[in-house]
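What follows is a set of notes on a single structure, which appears directly below.
Please treat every number below as a calculation from the coordinates, not as lab data. Predicted, not measured: the structure shown is a model, and the values here were computed from it. Because the Cβ atoms are built from the backbone with ideal geometry, glycine has one as well, and the counts that use them run over all protein chains shown.
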Amino acid sequence: MEELLTLPKFAKLAGCSTRTLFKRIEEKLIEPYEIRNGRNYFVASQLSILRRVESSVSQRKSYGYYRVSSNSQKSQLEDQLKLIELFAASKGIILENSFKDLASGMNFNRPNFNILLSEVVANKVDKIICTYEDRLMRFGFPLFKKICEAHGTEIIVINSKTTSPEDEMVEDLMTIIHVFSARLYGLRSSKGCINDILRKAQDTEGK
């Protein structure tokens with residue numbers, strides 16, 4: 001039977017910090033060999049697993065993401081990009097690239113957003129930096145965050161409210177009203193058609 005190694009000892013043998021090892025456990029990239037009295041224990045044969053994980057993680061890249069809804073807001077794209085680049089530089093994060101889209105935050109078919117999502121799902125993204133949550137999406141951000149976490153990707157939100165335009169929110173709200181109005185109209189039309197069919201059937205039976 002292999003010797004059980006405590007988490008600090010295992011991390012030291014692997015050449016990483018205990019904090020990094022905790023993070024890999026949270027990301028489910030490695031599991032303790034045994035948990036005893038609430039403590040994690042490993043064995044020497046797991047060192048190769050952790051080293052492969054670290055090698056894979058080290059190849060991950062960090063990206064920025066910025067977006068506006070319409071051409072009238074194009075000037076704000078540059079402001080978002082500058083904030084992202086300044087923040088990354090201040091934290092020592094090297095950006096591989098920054099993706100931008102000109103589309104509503106409720107549109108999930110944004111070209112560059114989908115490229116970024118594909119990279120996340122392929123476990124190739126370490127960090128995503130954006131100026132505000134709604135730059136990534138207007139609704140459903142917690143779900144997107146969970147997807148990223150499941151693939152070991154961290155989302156960093158700078159929380160610059162100046163890059164979340166109020167007029168864009170008005171546009172998105174109008175879109176929601178339009179969609180639901182059309183859906184309600186469709187339901188009413190369908191109900192009317194059904195009633196017509198039922199009336200015709202009743203008239204036929206009465207003859």
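Worth pointing out:
- One decimal place: the segment GLU85-SER17 gains 21.7 nm when fully extended, by the rule 0.36 nm per residue minus the C-alpha distance.
- For the stretch 21-151, the Cβ-based charge dipole about the Cα centre amounts to some 140 debye (Lys, Arg positive; Asp, Glu negative; other atoms uncharged).
- Other residues lying with their Cβ under 12 Å from the Cβ of PRO8 contribute a combined charge of +4, Lys and Arg counting +1, Asp and Glu -1.
- Modelled label reach - ASN71, point 7 Å along Cα→Cβ, the stretch 99-124 residues with backbone N closer than 18 Å: 101-104
- For the stretch 61-163: rounded, prolate or oblate by the Cα gyration tensor [a/c cutoff 1.5]: oblate
- Taken about its Cα centre, the stretch 5-58 carries a charge dipole of about 140 debye when Lys and Arg each add +1 at the Cβ and Asp and Glu each add -1 at the Cβ.
- Multiplying the residue separation of LEU95 and GLU27 by 0.36 nm and removing their Cα-Cα distance gives an extension gain of 22.3 nm.
- Expected-Rg normalisation [2.2 N^0.38 Å, Cα atoms] applied to the stretch 5-58: 1.00
- Think of the stretch 32-104 as having a plus end and a minus end, set by charges on the Cβ of Lys, Arg, Asp and Glu; of LEU81, ILE94, VAL68, ILE94 sits farthest toward the positive end of this dipole.
- The label-point distance for ASN123 and SER56, in a model that sets each label 7 Å from Cα toward Cβ, rounds to 0.2 nm.
- Length gained on full extension, VAL43 to ASN114: 21.6 nm, using 0.36 nm per residue less the C-alpha separation.
- Applied to the stretch 155-160, the Karplus parametrisation 6.51 cos²θ - 1.76 cosθ + 1.60 on θ = phi - 60° returns per-residue 3J(HN,Hα) values of 9, 10, 9, 5, 6, 9 Hz, with x for Gly and Pro.
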